[in-house]
Every structure is written in structure tokens, then in C-alpha cells.
1. From the list Thr177, Thr206, which residue is closer than 20 Å to Leu82 by Cβ and touching a helix residue (DSSP H, G or I) at 6+ places or on another chain (Cβ under 9 Å)?
2. Scanning for something under 24 Å from Arg247 (Cα atoms) and at pLDDT 95 or above, does region 151-161 turn up at least one residue?
3. Just the residues that are closer than 17 Å to Ile139 by Cβ and of a type in the set (Val, Ile, Thr), please, taken from region 56-77.
4. If I go through region 210-250 residue by residue, how many of them are within 13 Å of the chain's Cα centre (by Cα) and of a type in the set (Asp, Glu)?
5. When residues of region 155-174 are filtered for being surrounded by fewer than 24 Cβ atoms within 10 Å (Cβ to Cβ) and under 21 Å from Tyr226 (Cβ atoms), how many remain?
6. Any residue at all in region 74-82 that is assigned to a strand (DSSP E or B), in contact with a Phe, Trp or Tyr (Cβ under 6 Å, 6 or more places away or on another chain), of a type outside the set (Gly, Ala, Ser) and at pLDDT 95 or above?
7. Tell me which residues, restricted to region 106-127, are at pLDDT below 70 and either in a helix (DSSP H, G or I) or closer than 25 Å to Asp157 by Cβ (or both).
8. Working only within region 30-71, note down all residues that are in a strand (DSSP E or B), more than 24 Å from the chain's Cα centre (by Cα) and hydroxyl-bearing (Ser, Thr, Tyr).
Amino acid sequence: MKRGLFLLLLLAAALCLGGCGGTEEKLITFSDTGIQSDLVGVAINGTTLTINQAGTYMVTGTCKEGNIIVDAPEGKAIDLVLNDLNLTCSTTAPITIKSGSMVVLTLKEKTQNILTDNHAYSETVEQGEQTAETLLETIPDAAISSKCPLMIRANGDGKLVVNANSYNGIVSSDTLTIESGVINVTAKNHGIRGKDYVLISGGVVTVKAGEDGIKSTNTERAGLGYINFKGGVINIQAGDEAVFAPRSVNFSGGTITIKSKNKGIKVGSKTNADGSLGGGTINFLAGIIDITSSDDAIIAEKQVLQKEALVTTNGKEYTGKQ
């Protein structure tokens, strides 16, 4: 079975977990003194919750030093419903997804969910005490860190606030999909990163990043390493590239506002003989895209601009040439 079809089947199963009749949500409550739950499929150690079975788990409460670990068998889907959850953690990521074939973060309607990290990831790497690769074995590099396909969606106007004081905001070392919700990410380093791809099809997404805003990184497998904007309202403020992918960046809907202290959109994975970036494609197919940058607004070897897309760079209409 092809990987894409397999992921679609897993996603359908995950969506069913959160929305099919007969499925009960399993309530878990955090507090500063511990976690209240008598459910099968979870393990509790102080204020650390580990989910190790498939199902739908509703998590609520406030904890100044709490975290959630998802460690599910391969082939199993988990729907983690955030219901006015406020977690801060100074030793690791508030949410770490170690294993599982699909995890869906569902933002319950009319709730605000806040995840904050304060651990010393970036300082440890910058001081040369450990390499990033070694440190990742013990401390995730993002406030929400996933090693399997991750999807974020909302019931109604559910909201997620990610305060990544340590390093990155939301990271998946597989695929990352945002379907809906009001999502605000503030990150010391990168805002949102999906290795294989990032797909945003709806919602209101705001990213403020010290380095790259939204990025994909896979250069190893053909057909991966891309970003798709299909809908929603996306606002990106970045200290480096606002949008980066090695293969392609594709706009087919939505309203995207980009402000970058470096380059606006950068696509490519190789350097040509003249020093320019090669191998990447930007497809402006539809949507409203406004780019303000201190350096080049758009860098890509190939560009497609259709009339259904309204693109402006530094206040001027973009016609396909810088």
C-alpha cells in the first residue's frame, strides 16, 4: 500500500475517533499537584502523562510543571483533545509524540489552550555542551514535538497558543497538517516545521519566529520537502526566511501575509555554479499573498504565477520578476 493512501486511512480513523458515534472521550485533568485519571491506556508519574494506547483523550487543567508523552504502537491513531489546557514545562516539551502512526490535536470549541516551554535546549547547544543530535535523544527541540504524522484541527473556534521560549514551536519529523483553529506560535528559533511537508488548509495561523517562520526540510526522498497553503489566514513574522522548502511552495488559496527580516520565500536545495539557489519551484495558483522583506522577497529556480493569485512584494504587484 502506498504511503500516502496509508496516511489517509489513518487520518480517517483518527477523525472517526473524535467524531464517530459511540466513542467516549477519556477525561484527564492536570493540576500543580498531579494528574487525575483512572483510565486504562495512560501512565501517570507525578505531573507527566504518558498515553500508550489508541483512543480519544480529553485533557484539561493547569500545571506549572507538566507534560504529555504519546508513545503508542505503530498503526494506531490517537486524538488528543485539548480542553482549556495550560501546561508549562522547564525540563522538556509540554507535548512529545514519540511513536504512533497518526496523532490529531483537536482544540475543543470555545477553549484557549496554552503550551509553554522554558527548558535550556538552545543554551545547551549554543554553549557547545552537547550537539543538537545528542540533545534530541533526551530533550525535544520544540514545544510540540512529534516523530509521526501530526494534524491540528479545531471544533469551532478552539484556540492554541504555543510559547516556545527554548527553541522551535511546532515540529514534526514526518508530516504536519493544520486544518482549522486559531493557532498562535511564538518561537525563539523556527515557528512551524514539518520534515516531509507542511499543509495548511484553514484556520487563523500566526507565527512569530526568531529564525524561519514555516519550513519543510526533506531533501532525501523525491516528492517530499514542500509546503502547501490551501486556505485560511496566515500571518508570518520571521527573523530569517519566512517560508522555506527544498522542493516547492504552493499557494492555492487563503490570505498569507509575510514579513521577514531576511528573505520572504526561499525554495531550493542546491547551489548553482553562480551561487544562486536551484532546484525549487514556487506555484502561485490562487490566494492573496503579501510579502515584505529586507532581502529578496522570492527566491526559486522556477516560478508559476496564475491570474487567480494576487501577489505583492514590498508594496508592489508581483508579475513574475523581481
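The values are calculated or read from the model by the stated rules, or taken from the named source; none is laboratory data. Quick caveat: nothing in here was measured; it's all calculated off a predicted structure. All Cβ positions, even for glycine, are placed from backbone atoms using ideal geometry, and neighbour counts span all protein chains on display.
1. On the way: Thr206 fails: touching a helix residue (DSSP H, G or I) at 6+ places or on another chain (Cβ under 9 Å).
Within the list Thr177, Thr206, the selection yields Thr177.
2. First pass over region 151-161, keeping only residues under 24 Å from Arg247 (Cα atoms): 151-152.
Applying the additional criterion that residues be at pLDDT 95 or above yields 151-152.
Yes, region 151-161 has at least one match.
3. Restricting attention to region 56-77, the residues satisfying the condition of being closer than 17 Å to Ile139 by Cβ are 65-71.
Listed by number, the residues that qualify are Ile68, Ile69, Val70.
4. Result for region 210-250: 1.
5. At the first step, the residues of region 155-174 found to be surrounded by fewer than 24 Cβ atoms within 10 Å (Cβ to Cβ) are 155-157, 159, 161, 163, 165, 173-174.
When the remaining residues are screened for being under 21 Å from Tyr226 (Cβ atoms), the result is 173-174.
Residues that pass the stated criteria total 2.
6. The initial filter retains those residues of region 74-82 that are assigned to a strand (DSSP E or B), namely 77-82.
Then keep just the ones that are in contact with a Phe, Trp or Tyr (Cβ under 6 Å, 6 or more places away or on another chain); that gives 80.
Pick out the ones that are also of a type outside the set (Gly, Ala, Ser) and you get 80.
Subset that is at pLDDT 95 or above: 80.
Within region 74-82 (the criterion being assigned to a strand (DSSP E or B), in contact with a Phe, Trp or Tyr (Cβ under 6 Å, 6 or more places away or on another chain), of a type outside the set (Gly, Ala, Ser) and at pLDDT 95 or above), the answer is yes, since at least one residue qualifies.
7. Once the filter is applied, which keeps residues that are at pLDDT below 70 and either in a helix (DSSP H, G or I) or closer than 25 Å to Asp157 by Cβ (or both), region 106-127 yields Tyr121, Ser122, Glu123, Thr124, Val125, Glu126.
8. Filtering region 30-71 down to residues in a strand (DSSP E or B) leaves 30-31, 34-36, 42-45, 48-51, 55-63, 67-71.
Filter once more, so that each one left must be more than 24 Å from the chain's Cα centre (by Cα): 31, 34-36, 42-45.
Ser31 - this is the single residue of region 30-71 that is in a strand (DSSP E or B), more than 24 Å from the chain's Cα centre (by Cα) and hydroxyl-bearing (Ser, Thr, Tyr).
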